[in-house]
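Notes for the one structure printed next.
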Amino acid sequence: MILRSDIEAASARLQQQGPQGFLRATPLWRLPGATLGVAAAEVWLKLEHLQVSGSFKARGMLNRLLAQPIPASGVIVASGGNAGIATAAAARALGVPCEVFVPEVSPEAKRQKLRELGAQVQVVGATYAEAFEACMARQQVSGALITHAYDQPEVVAGAGTLAREIEAEAGLPDSVLVSVGGGGLIGGIAAWFEQRARVVALEPEGAPTLFRAREAGQPVDVAVSGIAADSLGARRIGAIGWQVTQAQVGQALLLGDDAIARARKTLWSEFKLAVEPAAALGLAALQSGAYVPAPGEKVCLVLCGANFDPATLA
């Protein structure tokens, strides 16, 4: 189980040992719910898509690299894109080699960003799970330090520093709506808030890893498809995310691709916030009525990433 103390330790490590200026304290934008056309009294937008590497993943990946000795062969990761970009950025900042395995579903924009960061990019398999298997086989040969996209203690604790940052700036929201892929982000956020704020899990209908695990009573493999599959394309909820959400998260909701696309368009057209589909699930839950705030509720939405092809905003 990830604890608040683990997140405090991660925060201290990132601040004291990390490359100066690498991570950003991302803005928290507080708006009346009416501004967004939703029923919440207040909506807090945590603009984590402005984080270095374009997603929250930079926190956990850097924490992992700082917490472990890195061999001469460097680091290796399998990723739909964001974890790989974050690992590559952290590796470059620390001056170590990086190899990234991505599935065929990963956008070319993400692959190009990986190459710009100096990573060796291997495109393997139709899904993240297949890329992960190839990555693990390669790691056995190279001996590189493996960073997992969502299921390592240092990665989850690093993600939790985002929640710590929200509370330090603005206190406790009433609820936090969090997109779920493999469960690293929600694991860190829920571990920090410890039910002092209601954490709600959101997944696309085409990638329901947590929702199906709850139906089955344990993590199970699911088929993955849909608008956010490149970011939320884990086939199974991670062990850490499963453990934390079972203890700390009450609701797990599914959202259709149309609702996600509409919310993403709203964020761009009305607020000029350019985010990937995974970052729009919170607003989609409010706009679609999947999540209905109580009167006076302050709802925090985590805009978790912005690594995408800009042409998809048109």
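Restricting PRO204, PRO173 to residues that are surrounded by 22 or more Cβ atoms within 10 Å (Cβ to Cβ), closer than 21 Å to LEU283 by Cβ, modelled with pLDDT of 95 or more and touching a Phe, Trp or Tyr at 6+ places or on another chain (Cβ under 6 Å) narrows the list to PRO173. When ILE70 is tested against (1) touching a residue at least 40 places away in the same chain (Cβ under 8 Å); (2) surrounded by fewer than 24 Cβ atoms within 10 Å (Cβ to Cβ); (3) under 21 Å from the mean Cα position of the chain (by Cα), exactly one condition is not met: (3). Among the residues of region 123-144, those that are hydroxyl-bearing (Ser, Thr, Tyr) and not in a loop (DSSP other than H, G, I, E, B) comprise TYR128, SER142. When restricted to residues that are surrounded by fewer than 19 Cβ atoms within 10 Å (Cβ to Cβ) and among the β-branched types (Val, Ile, Thr), region 93-104 contains 1.
When residues of region 226-255 are filtered for being in contact with a helix residue (DSSP H, G or I) (Cβ under 9 Å, 6 or more places away or on another chain), more than 20 Å from GLY80 (Cα to Cα) and small (Gly, Ala, Ser), how many remain? Qualifying residue count, region 226-255: 2. Yes or no: ASN82 crowded, with 24+ Cβ neighbours inside 10 Å, in contact (Cβ under 8 Å) with a residue 12 or more places away in the chain, on the phi < 0 side of the Ramachandran plot and touching a Ser or Thr at 6+ places or on another chain (Cβ under 6 Å)? For ASN82, the condition - crowded, with 24+ Cβ neighbours inside 10 Å, in contact (Cβ under 8 Å) with a residue 12 or more places away in the chain, on the phi < 0 side of the Ramachandran plot and touching a Ser or Thr at 6+ places or on another chain (Cβ under 6 Å) - is met. For region 289-297, the condition of being within 21 Å of the chain's Cα centre (by Cα), closer than 17 Å to VAL200 by Cα and crowded, with 18+ Cβ neighbours inside 10 Å holds for at least one residue. Of the residues making up region 62-85, those that are of a type in the set (A, V, I, L, M) and farther than 20 Å from ALA207 by Cβ are LEU62, LEU65, LEU66, ALA67, ILE70, ALA72, VAL75, ILE76.
The values are calculated or read from the model by the stated rules, or taken from the named source; none is laboratory data. Bear in mind the structure is a predicted one, so any value in this text is a computation, not a measurement. In this analysis, Cβ positions are derived from the backbone assuming ideal geometry, glycine residues included, and neighbour counts consider all displayed protein chains.
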